[in-house]
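Q: My questions will all concern the structure given below.
The values are calculated or read from the model by the stated rules, or taken from the named source; none is laboratory data. Note that the structure is predicted; figures quoted are calculated from it, not measured. Cβ coordinates were reconstructed from backbone atoms using ideal geometry, including for glycine residues, and neighbour counts include every protein chain displayed.
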Amino acid sequence: MDIFARLSDNLGKKEKCMRKKSVVIADDFPIVGVGLRKILEEAGDFDFKGAARNVYSLRAFLNLQRAPDLVVVDSVMPRCDLSELLESVREWAPSSNVLLFCSADEEFTALLGFKKGVRGVLPKSAEPEEIVRACRTVACGGTYLSGIAAEKITDYVAKKPWEGGKSSARPFLSAREYMVLKNLAAGDKMTKIASESGLSPKTVATYKERLMTKTGARTLAGLIRYALQNDLLSDG
């Protein structure tokens, strides 16, 4: 089933289910897990099963108990590639519905997430009411895409170059990704890029990971070589 078919497959589903839905949260920041737990418990129809701060504790939670109805996964987990993480969650808990919690650039993360089987994408800037609505929808088997993520996906698809029905070799990069790529090519360390751009080192590392995923590069040298060969460092 393609992405856009899946985005409409929840028509007619009830947003709120009859029984409480079990949920596991995976986020490396404790404050995020605590906040999400409080929001969901106050909603009254979720049964919180645990919060994992890394991929190892997430696997333990999913293997030690009955698979939860909902797994809320941070899009940036330490020492873990998002694509591999989502594939692992599908393996560990194939019956669970996954909601991806994103911090930035939802367009690429959302596309990757839906390709890897998630049922919802939500930005971390979402209000509590939307968080509850998204969790209810996804926990019940529906599909949820925030307005911000939907807008970014539309923009991504509209700007993605096509040649003869096939995507061109040059990937579409966001303004932030171009900025990070040019600084990496100039030899800047990620801490320097973070400081000068006002981003956190974790966010810069996320952009680097996405650049390598989009270009297929496995090392920083390979990423820079790809960028030079495909003229990705030009201002045009």
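Here is a yes/no grid of residues against (1) among the aromatic types (Phe, Trp, Tyr); (2) farther than 28 Å from ASP231 by Cα; (3) at pLDDT 85 or above:
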{"position": "ILE131", "(1), (2), (3)": "no, yes, yes"}
{"position": "ALA139", "(1), (2), (3)": "no, yes, yes"}
{"position": "GLY142", "(1), (2), (3)": "no, yes, yes"}
{"position": "ILE148", "(1), (2), (3)": "no, yes, no"}
{"position": "LYS160", "(1), (2), (3)": "no, no, no"}
{"position": "SER167", "(1), (2), (3)": "no, no, no"}
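Q: Can you tell me which residues in segment 109-134 are touching a residue at least 24 places away in the same chain (Cβ under 8 Å), part of a loop (DSSP other than H, G, I, E, B) and closer than 13 Å to LEU36 by Cα?
A: Looking only at segment 109-134, we keep the residues that are touching a residue at least 24 places away in the same chain (Cβ under 8 Å), and these are 109-124, 128, 131-134.
Narrowing further to those that are part of a loop (DSSP other than H, G, I, E, B): 116-119, 124.
The one that is touching a residue at least 24 places away in the same chain (Cβ under 8 Å), part of a loop (DSSP other than H, G, I, E, B) and closer than 13 Å to LEU36 by Cα: LYS124.
Q: How about segment 213-236: which of its residues are charged (D, E, K, R) and either modelled with pLDDT of 80 or more or assigned to a helix (DSSP H, G or I) (or both)? Give the steps one after another, and end with the answer.
A: Of all residues in segment 213-236, those charged (D, E, K, R) come to 214, 218, 225, 231, 235.
Scanning segment 213-236 gives LYS214, ARG218, ARG225.
Q: When the residues of segment 188-204 are filtered to those that are assigned to a helix (DSSP H, G or I) and under 12 Å from ARG176 (Cα atoms), which remaining residue is nearest to the chain's Cα centre (by Cα)? Walk me through how you get there before you give the answer.
A: Step one: filter segment 188-204 for residues assigned to a helix (DSSP H, G or I), giving 190-197, 201-204.
Now restrict to residues that are under 12 Å from ARG176 (Cα atoms): 193-194, 197, 203-204.
Details: ILE193: 22, ALA194: 20, SER197: 22, THR203: 12, VAL204: 15 Å.
In this case the residue turns out to be THR203.
Q: With respect to LEU11, determine if the residue is surrounded by 19 or more Cβ atoms within 10 Å (Cβ to Cβ), over 18 Å from ALA126 (Cβ atoms) and at pLDDT below 95.
A: Numbers: surrounded by 19 or more Cβ atoms within 10 Å (Cβ to Cβ): no; over 18 Å from ALA126 (Cβ atoms): yes; at pLDDT below 95: yes.
Spelling it out, it is not the case that LEU11 is surrounded by 19 or more Cβ atoms within 10 Å (Cβ to Cβ), over 18 Å from ALA126 (Cβ atoms) and at pLDDT below 95.
Q: Moving on. Within segment 52-67, is even one residue closer than 24 Å to ALA150 by Cα and touching a residue at least 24 places away in the same chain (Cβ under 8 Å)? Before you say what the answer is, go through the steps one by one.
A: Of the residues in segment 52-67, the ones closer than 24 Å to ALA150 by Cα are none.
Within segment 52-67, none of the residues are closer than 24 Å to ALA150 by Cα and touching a residue at least 24 places away in the same chain (Cβ under 8 Å).
Q: Specify which of the listed residues (SER88, SER125, SER95) is small (Gly, Ala, Ser), modelled with pLDDT of 85 or more and within 22 Å of ARG19 (Cβ to Cβ).
A: Working: SER88 fails: within 22 Å of ARG19 (Cβ to Cβ); SER125 fails: within 22 Å of ARG19 (Cβ to Cβ).
Within the list SER88, SER125, SER95, the selection yields SER95.
Q: Starting from segment 74-91, take each residue that is at positive phi and list its partners that are assigned to a helix (DSSP H, G or I), counting only C-beta distances under 8 angstrom and pairs at least six apart or across chains.
A: Between residues of segment 74-91 that are at positive phi and residues that are assigned to a helix (DSSP H, G or I), the close pairs are ARG79/VAL55.
Q: OK, next. Filter segment 206-236 down to the residues that are free of Cβ contacts under 8 Å to residues at least 40 places away in the same chain and surrounded by 13 or more Cβ atoms within 10 Å (Cβ to Cβ) and list them by number.
A: We begin by selecting, within segment 206-236, every residue free of Cβ contacts under 8 Å to residues at least 40 places away in the same chain; these are 208, 211-212, 216-222, 225-226, 229, 234-236.
Of everything in segment 206-236, those that are free of Cβ contacts under 8 Å to residues at least 40 places away in the same chain and surrounded by 13 or more Cβ atoms within 10 Å (Cβ to Cβ) turn out to be LYS208, LEU211, MET212, ALA217, LEU220, GLY222, ARG225, TYR226.
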